[in-house]
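This report concerns only the one structure given below.
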Amino acid sequence: MLFDTNFLLPSFAQQFNIDFFRRLKLNHKAIELQKELGFGKNLILLLGVSGGGRDTVLEECLELINKSERIRRISTRQPRNGIKEGERMMFLVKKDFLEGFETKNIFFAGHYHVNNEFYGINCKEIRKIKNKKNIYFIENTLIGLSLKKAFPKSRLIILIPPSFKFLKKRLLIRNDRDCLKRFRNSCLEVKNIISNIKEMVECNIVDLAFINMNSKNTASEIVEFLNNPGSINELKERFLKQIKNYEE
């Protein structure tokens, strides 16, 4: 079976714009899940580029919020050495991933051309949000925009690394074979995000955005916003001022 997500997602570096979001079509499985699970009021989407600190911020949020839980993504890539990733991400060989995609047990899926691997979400995992007593976090790349389309009441929070220099250092530490390709691709994505972020915020597609200088501080501000939604305008204005001076 040819795994082609072009009808859902353009290349990663082109996803973050208002036209893409408006044109994005949900398949029938996603629409069925929306009817079953609601509009995702208890779902928090942490979106950003590879190396931007999404996972670290998510773990900090879980520490700060009682009755909170992670929704794990699923991928065909290999787990990284020295990291217990089984609690944070699910892994499948490509054959099983493609079968899951074909049977609609894996959706919101995309192909990351940098490492030639597939990423998506297991249907069973997303069904966790049916428990309205808990808050659920998921970290994702820009594929997560499709989640916002399916669950419009979810809170979508963009995380941007403090600088390109910081981003390169963080990706090199991982020692992945594709770290330099990841860096170049992430730089393109960051530039694309910056170009479109003001409009995405004004259209209420993006709820909040942070330059992630410190993961603990970022998590604390996210939790503060969840406890006090009235602070959203102040946080938005602060970010839009900061992003004007982002390192080029």
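Computed values, structure above
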quantity	calculated
Theoretical gain in end-to-end length, Gln78 to Arg22 [0.36 nm per residue, Cα-Cα removed]	16.8 nm
Fewest-first sequence of His28, His111 by Cβ atoms within 10 Å of each Cβ	His28, His111
Gain on full stretching of the segment that runs from Met213 to Ser195 - 0.36 nm per residue minus C-alpha separation	4.5 nm
Per-residue Cβ neighbour rank within 10 angstrom, fewest leading, Val49, Val223	Val223, Val49
Computed helical MRE - 222 nm, the chain, DSSP H runs ≥ 4 contributing -39500 (n - 2.57), nearest 500	-13000 deg cm²/dmol
Label-point gap, in nm, between Asn134 and Glu117 - each point 7 angstrom along Cα→Cβ	2.4 nm
5 Å-binned pair-distance histogram of the range 199-248 (Cα, whole percent)	4, 19, 28, 29, 15, 5, 1
Cα-based Rg and Dmax for the chain, where Dmax is the largest Cα-Cα distance (Å)	17.0, 49
Mean Cβ count within 10 Å, highest first, over the residues of peptides 157-168, 227-238, 97-108	157-168, 97-108, 227-238
Rough spin-label spacing in nm, given labels placed 7 Å along Cα→Cβ, for Arg177 and Ile31	4.2 nm
Largest-first principal axis extents, alpha carbons of the range 13-68, Å	35, 32, 16
Percent of C-alpha pairs per 10 Å bin, the range 33-92, short to long	17, 46, 32, 5
Gaussian network model of the chain, springs between alpha carbon atoms under 10 Å - residue of Ile31, Ile193, Ile222 with greatest fluctuation	Ile31
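Values quoted throughout were computed directly from the atomic coordinates according to the rules given, and no laboratory measurement underlies them. Quick caveat: nothing in here was measured; it's all calculated off a predicted structure. As a convention, Cβ positions derive from the backbone with ideal geometry for all residues, glycine included, and neighbour counts pool all protein chains shown.
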